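Heads up, the thing below is written out as structure tokens.
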Amino acid sequence: MTLAVVDALREKHREFFTGFWTLLISVSLSFIAGIYLGSVNDVLLLIPGLMVLVTPSINMRGAIAGILTSRLSSSMHLGAFEVEFGRNTELGDNLRASLILTVIISAALAVFGKIICMGTGTPVIGIAEMIIISVISGTLAGILVTVVGVLVSIVCYRKFWDLDMVGAPAVTTLGDIVTLPFLVMTALLVTA
């Protein structure tokens, strides 16, 4: 076997195990979100209409952060990635776009949630409360997940790891874990 073939096999094994361990850790940590959901189920049911925001809020957090790490990964593969946060930089522009998208989508989720509750006859809190809860909890969780996504991207860049294998599982799992507590805490504060 030539040295090039051995190096190629070693790299494939490294990529496989990087992805394998990342997914295994992510799946294991996802149980935390399920346990927390079970523990706050009564609180979610006490605030009319809040339950309808749980799944889309969690999904949105992982989707936006996953898109961010995917775009940063693409810029790494193209050689355009640098650890620069200014305007007209890959990292800075994508970071700002993710945060703006988080706020806009959080507000839209609240409006859709209110419409769905009204359409199905489900009791629901007022639209202003829904928007405030969704935007504040979404933005706080989004900032945390985005910061971790950027840190993971920088670590992968500096260690020459494939961000595609690490980024999306890491940020989607973190989104699963942190979104629900932020949603519950914000709802309790707003409706108190």
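Against the main long axis of the alpha-carbon atoms of the chain, helix 163-191 sits at an angle near 20°.
Run the numbers for Thr139 and Ile115: contour at 0.36 nm per residue of separation, minus the present Cα-Cα distance, in nm.
Details: separation 24, 0.36 × 24 = 8.64 nm, distance 2.16 nm.
Full extension from Thr139 to Ile115 adds 6.5 nm.
Quotient of the Cα radius of gyration of the stretch 1-149 and 2.2 N^0.38 Å, N being its number of residues: 1.37.
Within the full protein context, the accessible area of His13 is estimated at about 100 Å² for a probe radius of 1.4 Å.
In the chain, once you exclude exposed chymotrypsin sites (Phe, Trp or Tyr not before Pro) (DSSP loop, at most 15 other Cβ within 10 angstrom), what's the longest stretch remaining?
On the way: sites that count: Phe85, Phe160.
The reported range is 1-84.
Here the stretch 106-188 has an Rg and Dmax of 16.3, 53 Å, counting Cα atoms alone.
For the residues Met51, Met76, Met185, Met130, a 1.4 Å probe over the protein chains yields an accessible-area ranking, largest first, of Met185, Met51, Met76, Met130.
Suppose only helical runs count, i.e. DSSP H with n ≥ 4. What mean residue ellipticity at 222 nm does that imply for the chain under -39500 (n - 2.57) per run, divided by all residues and rounded to the nearest 500 deg cm²/dmol?
Estimated from H runs of four or more residues: -30500 deg cm²/dmol.
The values are calculated or read from the model by the stated rules, or taken from the named source; none is laboratory data. Just so we're clear, the structure is a prediction, and the values are computed from it rather than from any experiment. Reconstructed Cβ throughout: ideal geometry from the backbone, glycine too, with neighbour counts over all protein chains shown. Remember, those area values only see protein heavy atoms, side chains included, never the ligands or the DNA or RNA. Shrake-Rupley method; radii C 1.70, N 1.55, O 1.52, S 1.80 Å.
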